[in-house]
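What follows draws every value from the coordinates through simple rules; no lab data is involved. On a predicted model such as this, the values are computed, not experimentally measured, just so you know. Glycine also receives a Cβ, built like all others from the backbone with ideal geometry; neighbour counts cover every protein chain displayed.
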Amino acid sequence: MSGRTRIESLVRRDRWLVGGALGVAVALSWAWLVPMAVQMKRDGMMCGVTSWVTCDTGDLAMLFAMWVVMMAGMMLPSAAPTMLLYGCVVRKSPDGEKATKQIYAFAGGYLLIWSAFSFIATLLQYALAQALLLSPMMKAESPVFGGVLLLAAGAYQFTPLKRACLDACRSPAEFLTRHWRQGVSGGFHVGVASGLYCLGCCWALMLLLFVGGVMNLWWIAALTVFVLLEKIAPFGAAGGRVSGVALGAVGLWHLVRHSL
């Protein structure tokens, strides 16, 4: 077997391994989320019997774990094209023998960013609970609060930061060219950079979980599909602007309805 043929064979193997690992990670995330959501719907809350405003440290740790798993299940599908391309490039580079380690380092850096977001979201959720702005099912109680979140998310769709981050997510080859680093530590660096762009693109959309319900499986699935289409579909960039108008209109409707 020639050197080129061997590399092409390894690239195909890596593609299957990385794709399979991503698929398993997403499946496991949903396998954890679905029973939790069903239990919450049956029992009525995350912590306690009638309210989770007084969650203790253990409850908050579970809440943080829930956010981490949910972000992994929602964001990894949209990160797959960049991760697969990264694995392909690494395998063909002088560091090809370390391709597997570098891909894991990339994934670790990417998930670290979304874990940091999960920590902030946990604290935000606790603060919103203290302010009685969320229901026991972790959904906005106030139409005004929900409307403000929708308007903010819609407005963010038109910002230069959103466009820049979305462009980076939609152009994995250009992103890797700009942020490439050698070695395993380089893979971690590239993964962190990918996670930051992804966060810059999607953080406002993720906060809409507080509007539809943090553990509303249909709402989680809808946001997951939307984020995926926004990043990989040919109409994704234009769709983001259309969605911005739609989110703003729904948010305005919430506010007007409350004021009447």
For this session: Please identify every one of the chymotrypsin sites (Phe, Trp or Tyr not before Pro) in the range 138-171 that sits in a loop by DSSP and has no more than 16 other beta carbons within 10 Å of its own beta carbon.
Result: PHE158
Problem set entry | Packing-based ranking, highest mean first, of 216-224, 68-76 given that Cβ atoms within 10 Å are counted | 68-76, 216-224
Exercise. What net charge is computed for the residues neighbouring GLY108, neighbours being all others with C-beta under 15 Å from the C-beta of GLY108, Lys and Arg scored +1, Asp and Glu -1?
Worked result: +3
Exercise. What does the charge count near GLN125 come to, summing +1 for each Lys or Arg and -1 for each Asp or Glu among other residues with Cβ under 14 Å from its Cβ?
Worked result: -1
Problem set entry | R0 of 22 Å, Cβ-Cβ distance ALA246-LEU161: FRET efficiency to nearest 0.05 | 0.65
Problem set entry | Residues with amide H under 5 Å from that of LEU134, placed H, sequence gap 5 or more | GLU141
For this session: Extending each Cα 7 Å along its Cβ direction at GLU97 and LEU255, get the distance between those two points in nm, one decimal.
Result: 6.1 nm
